[in-house]
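Let me begin by presenting the structure, written as structure tokens, before commenting on it.
The values are calculated or read from the model by the stated rules, or taken from the named source; none is laboratory data. Note that the structure is a prediction, hence the values are computed from the model and not measured. In this analysis, Cβ positions are derived from the backbone assuming ideal geometry, glycine residues included, and neighbour counts consider all displayed protein chains. We work out accessible area using only protein heavy atoms, side chains counted, and drop any ligands, DNA or RNA first. Shrake-Rupley method; radii C 1.70, N 1.55, O 1.52, S 1.80 Å.
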Amino acid sequence: QVQLVESGGGLVQAGGSLRLSCAASGRTSRISGMNWFRAAPGKEREFVAGINWSGGSTSYVDSVKGRFIVSRDNAKNTMYLQMNSLKPEDTAIYYCNVEGTTFTWGQGTRVTVSS
């Protein structure tokens, strides 16, 4: 089992930046990738970005391409999401998960973008 803790959210104005962190603990040895999801108010959780743990390949939902950058520090079992040029539509609670082993969703970290 992997425990996940998201952090780094906050309130920013449109056009601003935030960097989110997702720290994994527990049975982390078999992590093969990590992903960011978000849930806007009243909406279902959607995929945002992901990164492969070995090769570092990344993927993004179309709406954040060119604005968000996902990265990872394997030694720290931590994934990051650099969020630039934020838009009000990015307002959501951001969650992370892992590939390769079991996990439970964390509490998420709240991102609010004002206009």
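For region 95-109, filtering for residues that are closer than 17 Å to Gly9 by Cα and open to solvent by 40 Å² or more (accessible area, probe 1.4 Å) leaves 2.
Look through Ile31, Ile51 and report the one residue that is open to solvent by less than 20 Å² (accessible area, probe 1.4 Å), of a type in the set (Val, Ile, Thr) and either in contact with a Cys (Cβ under 8 Å, 6 or more places away or on another chain) or part of a strand (DSSP E or B) (or both). Before the answer, list the steps.
Values: Ile31 fails: either in contact with a Cys (Cβ under 8 Å, 6 or more places away or on another chain) or part of a strand (DSSP E or B) (or both).
Exactly one of Ile31, Ile51 is open to solvent by less than 20 Å² (accessible area, probe 1.4 Å), of a type in the set (Val, Ile, Thr) and either in contact with a Cys (Cβ under 8 Å, 6 or more places away or on another chain) or part of a strand (DSSP E or B) (or both), namely Ile51.
Summed over region 16-65, residues that are of a type in the set (Val, Ile, Thr) and over 21 Å from Thr91 (Cα atoms) total 4.
Within region 72-94, the set of residues being open to solvent by 10 Å² or more (accessible area, probe 1.4 Å), touching a residue at least 24 places away in the same chain (Cβ under 8 Å) and among the acidic types (Asp, Glu) comprises just one member, Glu89. All of (1) loosely packed, with under 12 Cβ neighbours inside 10 Å; (2) touching a residue at least 24 places away in the same chain (Cβ under 8 Å) hold for Lys65 with one exception: (2). When restricted to residues that are of a type outside the set (Gly, Ala, Ser) and within 13 Å of Val48 (Cα to Cα), region 80-115 contains 12.
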